[in-house]
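Contents: one structure, followed by commentary.
The values are calculated or read from the model by the stated rules, or taken from the named source; none is laboratory data. Note that the structure is predicted; figures quoted are calculated from it, not measured. Reconstructed Cβ throughout: ideal geometry from the backbone, glycine too, with neighbour counts over all protein chains shown. When the accessible area is computed, the model is the full protein with side chains, heavy atoms only, and any ligands, DNA or RNA have been set aside. Shrake-Rupley method; radii C 1.70, N 1.55, O 1.52, S 1.80 Å.
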Amino acid sequence: MEVSAVAVAGRGLVDPGEPVFAADDEALLRGRSVFETARVYGGRPFLLAEHLTRFAASAERLRLPRPDDAECERLAELVTRACDAADLALRLYWTGRTLVATAAPVDPELDGLRARGLRLATVPWSTGTLASAKSTSYAENMAAQDAAIAAGADDALLVAGDGTVLEAPTANVWWREGERLLTPSLDLPILAGVTRAFLFEVSGYDTLEGAFPLPRLLEADEVFVSSSIREVMPVASVDGKALGLGPAASELQQELRRRATS
């Protein structure tokens with residue numbers, strides 16, 4: 001994803017190729033920083049207030065000062081207006097000393113991938129105490145994703161040592177059993193997705209949260225993941241087992257787009 005615009009608190013818009021973090025910033029030295037990602041539709045960030053609430057919560061978990069909401073909004077507007085594209089991936093970074101916003105075009109391949117459905121490969125997962133924080137210490141997540149891609153999949157499905165389904169490296173996971181949706185509980189070491197919370201609000205399905213074993217997901221009527229940029233993405237297979245693309249993912253995707261663009 002090639003960044004089109006960058007803005008830094010106290011400096012405004014800067015050249016996307018210009019350095020913005022100091023070499024002695026703990027974000028670089030120790031990965032101690034947080035980030036937030038939101039999707040922009042028609043020039044408007046969707047659910048920005050909810051993203052800023054999680055941004056502040058992540059900072060608190062890493063014992064960083066709270067980022068300034070008003071400055072986050074100002075930087076978001078700067079980078080959004082600086083881009084030619086109206087549909088963007090907006091990112092905010094906070095290291096405790098530097099606040100940065102970036103904007104980049106959304107991957108044009110996403111809708112094609114949605115029509116086909118994701119191929120997931122399970123990856124054993126052991127998480128730390130910061131699993132619920134959106135920290136830039138994402139190396140383990142990316143390694144899991146790379147392992148899944150090397151196995152011929154599109155993304156990973158993280159599974160705890162006891163076989164409990166957790167999440168994808170950058171998305172929450174859901175599945176449907178008849179007229180009921182299931183998704184891992186936030187009591188598990190997973191990220192509280194903003195899109196996850198939105199789907200709870202708009203879904204007409206009865207939804208059950210809990211700790212569920214992988215075999216239960218594999219027998220579901222349909223499986224999908226949710227995230228801010230990929231939105232609602234159906235899953236076509238897990239570890240080579242084919243899964244049907246069902247109506248819930250399509251209905252929720254349509255409702256998300258309707259609300260985001262209205």
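Table for the structure above
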read-out	value
Odd one out for E73 among (1) crowded, with 17+ Cβ neighbours inside 10 Å; (2) touching a Leu at 6+ places or on another chain (Cβ under 8 Å); (3) at pLDDT 95 or above; (4) charged (D, E, K, R)	(1)
Enumerated helices (runs of 4 or more DSSP H) restricted to segment 1-85, each holding at least 3 residues that are more than 20 Å from the chain's Cα centre (by Cα)	26-29, 69-81
Search result, residues across segment 168-220 that are closer than 25 Å to R61 by Cβ and of a type in the set (F, W, Y)	W174, F198, F200
L217 among the aliphatic types (A, V, I, L, M) and under 18 Å from E167 (Cα atoms)	yes
Residue match in segment 89-99 (condition: touching a Phe, Trp or Tyr at 6+ places or on another chain (Cβ under 8 Å), open to solvent by less than 20 Å² (accessible area, probe 1.4 Å), assigned to a strand (DSSP E or B) and modelled with pLDDT of 95 or more)	yes
Output for segment 38-70, where each listed residue is modelled with pLDDT of 95 or more, of a type outside the set (K, R) and under 21 Å from E2 (Cα atoms)	A38, V40, Y41, P45, F46
Exclusive hit being hydrophobic (A, V, I, L, M, F, W, C) and under 18 Å from the mean Cα position of the chain (by Cα), set A143, A147	A143
Given (1) open to solvent by 10 Å² or more (accessible area, probe 1.4 Å); (2) more than 19 Å from the chain's Cα centre (by Cα), number of the condition V202 does not satisfy	(2)
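Table: residues versus (1) touching a His at 6+ places or on another chain (Cβ under 6 Å); (2) touching a residue at least 24 places away in the same chain (Cβ under 8 Å); (3) aliphatic (A, V, I, L, M).
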site	(1), (2), (3)
R66	no, no, no
C72	no, yes, no
V79	no, yes, yes
D84	no, yes, no
A104	no, yes, yes
W125	no, yes, no
E140	no, no, no
